[in-house]
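Student: Take a look at this one; I'll ask things after.
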Amino acid sequence: MTPLLETRSMSVTFGGLRAVDEVDLHVDEGQVVGLIGPNGAGKTTFIDGLTGFVPTTGDILFQGTSLGGVFPHQRGRLGLARTWQSLELFDDLTVRDNLRVASERQSPLGFLTDLVRPTRRRDQRNVEFALDVLGIGELAERMPTEISQGQRKLVSCARALAARPKLVCMDEPAAGLDTRESREFGEQLRRIRDAGITVFLVDHDMGLVLDVCDYIYVIEFGRKIAEGTPRQITTDERVIEAYLGSAANDSGGLDVDGGETGEGSRS
C-alpha cells in the first residue's frame, strides 16, 4: 500500500549547515506517527520542509505524488496541514470565526461575491466538524483571550482540522501544558485519528509521544538515528544516549507509560 506521506533522502540546508540530512520516513494513513530528538535536532525544520516553507532536496511524496515545486498553500489544498509553535490565533475573532478563516478556500469569484453579498450564508460543516472532533463546541462563541492556554492549543489544532486535511503535522502542540492537560490532549489526538485524519507529531513530551504514537522516528543533528514502535524506541541505546543523555542510561532508559524512568519520571 502506498504511504500517505513519504520522504526519500529529504534534506534542508541553510548556507553550509545541513539542518535535515537525507531523512527517509513514511507515514501510513490512519496512524499517529511521532518525530522526536533533542533541541536543535531539526524537527521543526523537517515540518517546514514537508509543508513547503523552506527549500528541500530529495523527494517528498504525498499520496504517491511528488511535492517538488508545490507551494505551501497548494500543499494545504492537497490535504497537508500543519500547526505552529506560536499559536497565532486572531484574538479579536471568536473561536468559531478563527476556524472559519481556516476552513474557507477563497477564490477570485468568492472574493467578488463577498463584495456584493458580504452577509451571504457560509458553509459551517467543516467548522462544526473540527469543534466536534476536539470536543470544544462550548468555546465556539468565546474569544481566545477568555480561555486557558490548554484550550487555546486545542483551538489551534481545530483551526488546522477545519480545512479537513488528510494529514496534519503538529509542531510542539503540548508545549506549556501540565501533566493533566497533556494526558487530555493525548485523548484529543486519538479522536483526530479516529475521525480519519492522520497525525504527524513533533513534541518533547515523551509521555505523550510514547502513549499516542503508533510509530516513532528519532533524529539527531538532522540525521535519522532510529525508528520503531514506542517500546522499541524506549530500549534503543542510540535514542537513550542521544536524546536523553547519561541520566537515562543510569536509570535504565525510558518508561513507556510516562517518559524517563527514575526520579525524573512523570507522575
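Derivation of every value follows stated rules applied to the coordinates shown; laboratory data play no part. For clarity, every value in this text was computed on a predicted model and none was experimentally measured. Note that each Cβ is placed from the backbone with ideal geometry, even for glycine, and that neighbours are counted across all protein chains shown.
Student: Tell me, what HN-Hα J-couplings in whole Hz come from the Karplus equation 6.51 cos²θ - 1.76 cosθ + 1.60 at θ = phi - 60° for each residue of segment 84-99, using x for Gly and Pro?
Tutor: For segment 84-99, the Karplus curve yields 10, 4, 7, 4, 6, 7, 7, 6, 9, 10, 5, 4, 4, 5, 4, 6 Hz.
Student: When THR94, THR2, THR7, THR45 are ordered from fewest to most other Cβ atoms inside 10 Å of their Cβ, what list results?
Tutor: Sorted ascending by nearby Cβ count, the order is THR2, THR94, THR45, THR7.
Student: Can you give the FRET efficiency for PHE71 and THR229, using 1/(1 + (r/R0)^6), R0 = 25 Å, r = Cβ-Cβ distance, to the nearest 0.05?
Tutor: 0.10
Student: If the convex hull of the alpha-carbon atoms of segment 45-87 is projected onto planes in all directions, what is the mean projected area in square nanometres?
Tutor: Hull-based average projected area comes out at 3.1 nm².
Student: Under a straight-distance cross-link criterion of Cα-Cα below 28 Å, which lysines are reachable from LYS224, leaving out those fewer than 8 residues away in the same chain?
Tutor: Answer for LYS224, where 28 Å is the Cα cut-off: LYS43, LYS166, listed by chain and number.
Student: Quote to one decimal, in nm, the extra length available between THR2 and PHE53 on full extension: 0.36 nm per residue of separation minus the C-alpha distance between them.
Tutor: Result for the pair: 15.9 nm of gain on full extension.
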